[in-house]
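Here the structure is laid out as structure tokens; the discussion comes afterwards.
The values are calculated or read from the model by the stated rules, or taken from the named source; none is laboratory data. All values reported here derive from a predicted model rather than from experimental measurement. Cβ placement follows ideal geometry from the backbone for every residue including glycine, while neighbour counts extend to all protein chains displayed. With ligands, DNA and RNA removed, areas are computed over all heavy atoms of the protein, side chains included. Shrake-Rupley method; radii C 1.70, N 1.55, O 1.52, S 1.80 Å.
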Amino acid sequence: GCEGFLTENPETMPSESSMYNTEESLESSVRGIIGSFSGGSMYTHDMQEYMQTASCLVFFPMGSTGTYNSNERYYSSYRYAQSPTTALNNEMYANHYVGISRCNKLIEGLDSSPVDAEYKKEIEAEARFYRAVLYFGLVRFYGNVPLVTQMPKTANDADSPRRHYAEIYK
């Protein structure tokens, strides 16, 4: 009774194969990468606050008793600044890798794209730049992190060890 009923074939969604067929679709992919930079945990207020505390460039306001206010947001983020699994910053850690994954997917998809070679070169340079910015933020905040420059083919490929920050900068 349900055969065909649950099968979807949306005509308004771009297919995987059409993502790289036109200059417009490539630009759309770049905008998807840029979109990963937004949100409360990324390159807006939270990340800037956490970067400030991770850099020890923060002023903790004194309460009326002359002691630091332990409930103050900066103090809390400072205590957890180096762990990607804390509630205060695990979203930021994961979202960086969402952006990196989008970069890797676009770079790999360019090989089969019929778009002009010079234009593909420009798009690849943009994707590599954004990936570098994302890694710069990760290393600045967490130190050694997994270096992922290709889309994982298997579940084992997705489990990467942390790499020394100098290797990531290179």
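Once the range 108-156 is narrowed to residues that are crowded, with 18+ Cβ neighbours inside 10 Å and β-branched (Val, Ile, Thr), the residue that is nearest to residue 23 (Cα to Cα) is 123. Is it fair to say residue 97 is under 22 Å from residue 19 (Cα atoms), open to solvent by 30 Å² or more (accessible area, probe 1.4 Å) and out of contact with any strand residue (DSSP E or B) (no Cβ under 6 Å at 6 or more places or on another chain)? So residue 97 passes the test. The residues of the range 1-44 that are of a type in the set (Val, Ile, Thr), modelled with pLDDT under 70 and over 18 Å from the mean Cα position of the chain (by Cα), listed by number, are 7, 12. Of the listed requirements (1) of a type outside the set (S, T, N, Q); (2) assigned to a helix (DSSP H, G or I); (3) more than 14 Å from residue 30 (Cα to Cα), residue 148 misses just one: (2). Mind listing whichever residues of the range 151-170 are among the charged types (D, E, K, R) and in a loop (DSSP other than H, G, I, E, B)? Passing the criteria: 153, 159, 170.
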